[in-house]
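Everything below concerns the one structure shown next.
The values are calculated or read from the model by the stated rules, or taken from the named source; none is laboratory data. As the structure is a prediction and not an experimental result, all values here were calculated from the model. In this analysis, Cβ positions are derived from the backbone assuming ideal geometry, glycine residues included, and neighbour counts consider all displayed protein chains. We work out accessible area using only protein heavy atoms, side chains counted, and drop any ligands, DNA or RNA first. Shrake-Rupley method; radii C 1.70, N 1.55, O 1.52, S 1.80 Å.
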Amino acid sequence: MWKNDLLAGQRVLVTAGAAGIGLEISRAFAEAGARVMVCDVAQASLDALAAALPSASGRLADVSDALQVQALFKAVDNELGGLDILVNNAGVAGPTGAVETLELADWQRTLDVNITGAFLCTRLAVPRLRQSAREGRQAAIVNLSSAAGHLGMPGRSAYSASKWAVIGLTKSLALELGADGIRVNAILPGAVDGPRIRDVIAAKAQARGLPLEDVTRSYTHQAALGRMATARDIANMAVFAASPLAGHVTGQELAVDGLTQALS
């Protein structure tokens, strides 16, 4: 658990922050003393947020929709009074299969959420982050990429392409915003244990005609540590990257993958 004064009073927005990895990220920021707002596309997850993390506020928003993102940032202004830290966590797994079998709509939806969503949130966050930096507060963006953002991933071309794009966006923004005192980093999780990876494993097993146990084993052992990451592993890196502890860290690919050198 983080000391509750590490980010005391900092204003944080976590996209897709009401369930899964996003919820653990939101919880870690709250433990560090931050004021947390989350958005999510699932009303059921937002309904459960009050019990899971009572200190956080939630808003229904699809980050791929520019009008919904505008409404989200109006809520940020009204409830938080500004923004110090943006965590672009929202993402979808996208389709599984050989590239010639993919539907354009599935490809487009993956890019719309995973990279356009980060762009739409970032362009509205930046003026608010500049103001925070001028006031001497933390000003940081944390983008969620993936090990698939610097490695190829057979059968997951849409997802991998979108996560490579997140790296390009991160490095460009770090250069663009550094003079304003805004730090921008990307987290590259490896396989993270949870419902999403289990769905991906099941889809890949079906697409390749392989036993589920064999595909599961390949994901478990692709890291040198011999296990999948936990959501808390990712959340801890997000808090670190946004905090004064990483005050001279920007434009970096922060891998949390147990040393994964190839994806199956």
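Using only C-alpha atoms and all pairs of different ones, pull out the Kirkwood radius for region 30-94 in Å with one decimal.
12.7
For region 132-264, what number results from the quotient of the Cα radius of gyration and 2.2 N^0.38 Å?
After normalising by residue count via 2.2 N^0.38 Å, the value is 1.17.
If Lys and Arg each add +1 and Asp and Glu each add -1, what is the summed charge of the other residues whose beta carbon sits under 11 Å from the beta carbon of VAL12?
+1
Counting only other residues whose beta carbon sits under 12 Å from that of HIS150, what net charge do I get with K and R as +1, D and E as -1? Don't skip to the answer; put the middle values down first.
Details: positive: LYS163, LYS171; negative: GLU253, ASP257.
Combined, the nearby Lys, Arg, Asp and Glu give 0.
Give me the one-decimal nm value for the distance between modelled label points at LEU245 and ASP5, 7 Å along each residue's Cα-to-Cβ direction.
1.6
Using only alpha carbons, build the gyration tensor for the chain and give me the equivalent ellipsoid semi-axes, biggest first, whole Å.
Value: 30, 19, 18 Å, ordered largest first.
Give me the one-decimal nm value for the distance between modelled label points at ALA48 and ASP180, 7 Å along each residue's Cα-to-Cβ direction.
Label-label distance for ALA48 and ASP180, simple model: 3.6 nm.
Mind checking which aspartates and glutamates have their Cα closer than 17 Å to the Cα of LYS163? Skip sequence neighbours fewer than 8 apart in that chain.
Once the sequence-local aspartates and glutamates are set aside, what remains near LYS163 is ASP106, ASP112, GLU253, ASP257.
Largest first, please: the extent of the C-alpha atoms of region 89-135 along each principal axis, to the nearest Å.
Answer, in whole Å and largest first: 51, 14, 11 Å.
Ordering TYR159, TYR219 by accessible area with a probe of 1.4 Å, largest first, what comes out?
I get TYR159, TYR219, largest accessible area first.
Work out from phi, with θ = phi - 60° and the Karplus expression 6.51 cos²θ - 1.76 cosθ + 1.60, the ³J(HN,Hα) of each residue of region 51-63, listed in order in whole Hz, and give x for Gly and Pro.
With coefficients 6.51, -1.76 and 1.60, one gets 7, 6, 8, x, 6, 8, 10, x, 9, 7, 6, 9, 5 Hz.
Whenever you get a sec, compute what percent of the accessible area on the chain sits on carbon and sulfur atoms (1.4 Å probe).
Carbon plus sulfur share of accessible area: 56 percent.
Enumerate the whole-percent occupancy of each 5 Å bin, from 0 to the last occupied one, for all C-alpha pair distances of region 26-168.
Cα pair-distance distribution for region 26-168, in percent: 2, 10, 17, 20, 19, 15, 10, 5, 2, 1, 0.
Could you do me a favour and compute the accessible area per residue for region 104-188, 1.4 Å probe, result in Å²? Let's see the in-between values first.
Working: 3280 Å² over 85 residues.
That works out to 39 Å² per residue.
If you scale each eigenvalue of the Cα gyration tensor by 5 and take the root, what three semi-axes come out for region 177-252, rounded to whole angstrom and sorted largest first? Before the final figure, lay out each step's value.
Details: eigenvalues 233, 31, 19 Å².
Here the semi-axes work out to 34, 12, 10 Å.
Semi-axes, largest first, in whole Å: what does sqrt of 5 times each Cα gyration tensor eigenvalue give for region 127-206?
33, 13, 8
If packing is taken as the average count of other Cβ atoms within 10 Å, what order do 126-138, 70-82 fall into, highest mean first? The partial results should precede the final answer.
Values: 126-138: 17.1, 70-82: 15.0.
Highest mean packing first, the order is 126-138, 70-82.
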